[in-house]
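Each remark here refers to the structure printed beneath this line.
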Amino acid sequence: MSRKICFAASEVAPLAKTGGLADVAGALGRYLHERGHDVRLFMPYYSTIDLRGQVPTAVAEAQQVQVQLGRQQVEFSLHATTLPGSDVPVYLVHCPQLYARDSLYTNAADEHLRFFLFQLAILESCQRLRFAPDVMHCNDWHTGLLPQLLLTRYAWDSLFARTRTLLTIHNIGYQGVFPAATVTELGLDATPGLLDAGELSRGNINWLRQGLLLADAVSTVSPAYAQEICTPQGGYGLDDTLRARAAPAIGILNGVDYDEWNPENDRLLSRHYSADQPEGKRLLKADLQARFGLQGEDTVPLAGIVSRLTVQKGFDLLFDTLPGILDSRPLQLAILGTGEPRYVSFFADLAKRYPGRVAFHTGYHEELAHLIEAGSDMFIMPSLYEPCGLNQMYSLKYGTVPIVRKTGGLADSVQMWDPQSGQGTGVVFNDFDAPAMRWALGTALDLYADRETWRRIMRNGMTRDFSWKIQGREYERLYDQMAAGGS
Ligand code: ADP
Ligand code: GLC
């Protein structure tokens, strides 16, 4: 059945992206639209947005809308565009005072105002467009207060009478925690019973927790992560709230947008290849080596990394393991990432210490991300935790064997190679410690040396299908369940 879905996300690819949330918002939005749903994406109109040459149009019904934002009146205007190359509607909340910044997220004192305005603007815009969503699909903390706003400030409006709220957790490590003073500032204390008392007693409001308390349904981006976040180790303080919900969080593995990530037709690659015609991969490896200044035979195994460099991604495990492996075995590394200085300097130092064998490009670079996926033999993702992770699924498609820790979506999407059955798509290790990491890298290099086996592992991965055609159905089923009154 066709549904009206308001999809609220702080980033949507390719318009604005820092990580996987953007990929998911863009691709799931596209999938739902193709399936005939009236899905409308909302995101802030960042000054850094990449509109790919499209010029958004002002939405006549929602221009110069005044809203009370704490002590100030703030004005926003709604602009409409589409996901590039499609007619999937995207609404951009224009408010230069809040969104004309160097980055999507900031540490500025008004960060709470930036995303509070975003949420108010979504609801104000639905009203002005007379758009009555069946599902308000919220994503992460930036949209975590929408369920509460619908139960309070907007409860009077019968437009939303049938609207059910879904909150998808993409990363429970980021929660939107602000001082309790902002509760009064934003007028969130009108219905104090809805606020989490524990947070208030600690002097905070936690937007993600508020969402988990009040959303009709909660989902997250892999079945394994759905379990992990209910434990004290994985819940980052929110496990109690999740366990207290009547229905558990539902785990739906992210899909992959194979229009963007497919070695057979990748627009950012100069050559193409497939499981049956793998020749292009060898040439792309040579391109990657040349581009990154990696020297030596193309038979030397090349491992890639493309990542935000944060503690979540588990690179601490490489500190004590990579140098030893580089000293004792042939291996090259191509690394692309931005983030915390400790990781940036680790990789930069490694590149200095092993010139021609380790290359590090710091920055965000779409094309290099695709080249690393295509040109590498293996891909390293030792995450401490990983709600879903997309790069391991891209790697599978590109015949780039993933080396992953058994956590969250990595556990759900990569199977350890089993020589007995000939099944398996990568190297999977369990413990978050140096011996396990060392074992995984060593095992991958041993397997690589056995060409026949390696080709089999590559092929196993390349034939796996994580497309949205499969994963998107799960969201449709969830929407149906919610509309029927369950969650
Ligand atoms: P997360 O959302 O936690 O960062 P995911 O694996 O879900 O992890 O998604 C990361 C996405 O961001 C992938 O599409 C990946 O290719 C991309 N990405 C991460 N870092 C960079 C970078 N430095 N340059 C280009 N793309 C990047
Ligand atoms: C988050 C997670 C990542 C996930 C992405 C999209 O950024 O860290 O694992 O794939 O969201 O859901």
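Kirkwood Rh over Cα pairs of the stretch 279-465 into Stokes-Einstein at 37 °C, 0.692 mPa s: D in µm²/s? Intermediate results must be reported in sequence, preceding the final value.
Numbers: Rh = 16.1 Å.
Estimated via Stokes-Einstein, D reaches 204 µm²/s.
Before rounding to the nearest 500, sum -39500 (n - 2.57) across all DSSP H runs of length at least 4 in the chain and divide by the residue total; then give [θ] at 222 nm in deg cm²/dmol.
Values: 19 runs with 179 residues, N = 487.
It comes out at -10500 deg cm²/dmol, rounded to the nearest 500.
What share of the DSSP beta bridges in the stretch 279-465 is antiparallel, in percent to the nearest 5? Intermediate values should be presented prior to the final figure.
On the way: 1 of 24 bridges.
Expressed as a percentage, antiparallel bridges in the stretch 279-465 total about 5.
Could you tell me what a quarter of the Cα convex hull surface of the chain works out to, in nm² with one decimal place? Each step should come with its number before you reach the end.
Values: hull surface 90.2 nm².
With every direction weighted equally, the projected area is 22.6 nm².
For a quick check: with amide H placed at 1.01 Å from N, whose amide H comes under 5 Å from Gln423's, ignoring anything fewer than 5 positions away on the same chain?
Correct list: Asp418.
Taking a 1.4 Å probe, which of Ser125, Ser270 shows the most accessible area, and what order do the others take after it?
On the way: Ser125 0, Ser270 90 Å².
The ranking, largest first, comes out as Ser270, Ser125.
Can you work out ³J(HN,Hα) from phi for every residue in the stretch 140-150, in order, using Karplus 6.51 cos²θ - 1.76 cosθ + 1.60 and θ = phi - 60°, giving whole Hz and x for Gly and Pro?
These are the phi-based 3J(HN,Hα) values: 6, 5, 4, 10, x, 8, 4, x, 5, 4, 5 Hz.
Taking a ≥ b ≥ c as the square roots of the Cα gyration tensor eigenvalues, with a/c under 1.5 meaning rounded and otherwise prolate when a/b beats b/c, else oblate, which class fits the stretch 49-105?
Working: a/c = 2.97, a/b = 1.54, b/c = 1.92.
Oblate, because a/c is 1.5 or more while a/b does not exceed b/c.
Amide H of Gly339: which non-local residues (sequence gap of 5 or more, or other chain) have their own amide H closer than 5 Å, using H built in the peptide plane?
Here Leu309 satisfy the definition.
Under a cut-off of 22 Å between alpha-carbon atoms, report the lysines in cross-link reach of Lys313, not counting same-chain residues fewer than 8 places apart.
Here the lysines satisfying the reach criterion relative to Lys313 are Lys17, Lys397, Lys406.
Helix check for the chain. Which DSSP H runs span at least 15 Å along their own axis by Cα, with a mean Kyte-Doolittle hydropathy no less than 0.0?
Numbers: long enough: 20-34 (21 Å, 0.25); 111-129 (27 Å, 0.48); 279-292 (20 Å, -0.71); 341-353 (17 Å, -0.22); 434-449 (23 Å, 0.59); 451-462 (16 Å, -1.56); 468-483 (21 Å, -1.39).
Span-like helices here: 20-34, 111-129, 434-449.
Quick one: what are the phi-derived ³J(HN,Hα) couplings along the stretch 314-321, Karplus 6.51/-1.76/1.60 with θ = phi - 60°, whole Hz, x for glycine and proline?
Those phi angles translate into x, 6, 3, 5, 7, 3, 9, 10 Hz.
Given contacts defined as C-alpha pairs under 8 Å and at least six residues apart, what's the relative contact order of the stretch 319-477, whole-number percent?
With pairs under 8 Å counted, the relative contact order is 17 percent.
Would you please give the residues with an amide H less than 5 Å from that of Val39, counting only those at least 5 places away or on a separate chain, with H modeled from the backbone geometry?
Distant-sequence amide H within range of Val39: Ile5.
Rank these by accessible area, largest first, 1.4 Å probe: Thr152, Thr241.
Numbers: Thr152 45, Thr241 10 Å².
Ranking Thr152, Thr241 by accessible area, largest first, yields Thr152, Thr241.
Measure off, as a whole percent, the carbon and sulfur share of the 1.4 Å-probe accessible area of the chain, all protein chains present. All intermediate terms of the calculation are to be shown ahead of the outcome.
Numbers: 9530 of 18780 Å².
Its accessible area is 51 percent carbon and sulfur atoms.
Cα centroid distance between the stretch 1-68 and the stretch 144-203, in Å?
22
Quick one: work out the % antiparallel among DSSP beta bridges in the chain, nearest 5. It would help to have the intermediate numbers written out before the result.
Working: 18 of 66 bridges.
The answer is about 25 percent antiparallel.
Please give the per residue volume of the convex hull enclosing the alpha carbon atoms of the stretch 5-147, rounded to a whole number of Å³. Intermediate values should be presented prior to the final figure.
Working: hull volume 14.8 nm³, N = 143.
Taking only Cα atoms, the stretch 5-147 has a hull volume of 104 Å³ per residue.
Quick one: 3J(HN,Hα) in Hz for the stretch 230-247, Karplus 6.51/-1.76/1.60 with θ = phi - 60°, rounded, Gly and Pro as x.
In residue order, the calculated couplings are 8, 10, x, 5, x, x, 6, x, 9, 4, 4, 5, 5, 5, 6, 5, 4, 10 Hz.
The values are calculated or read from the model by the stated rules, or taken from the named source; none is laboratory data. Just so we're clear, the structure is a prediction, and the values are computed from it rather than from any experiment. What goes into the accessible areas is simple: the full protein's heavy atoms, side chains included, and nothing from ligands, DNA or RNA. Shrake-Rupley method; radii C 1.70, N 1.55, O 1.52, S 1.80 Å.
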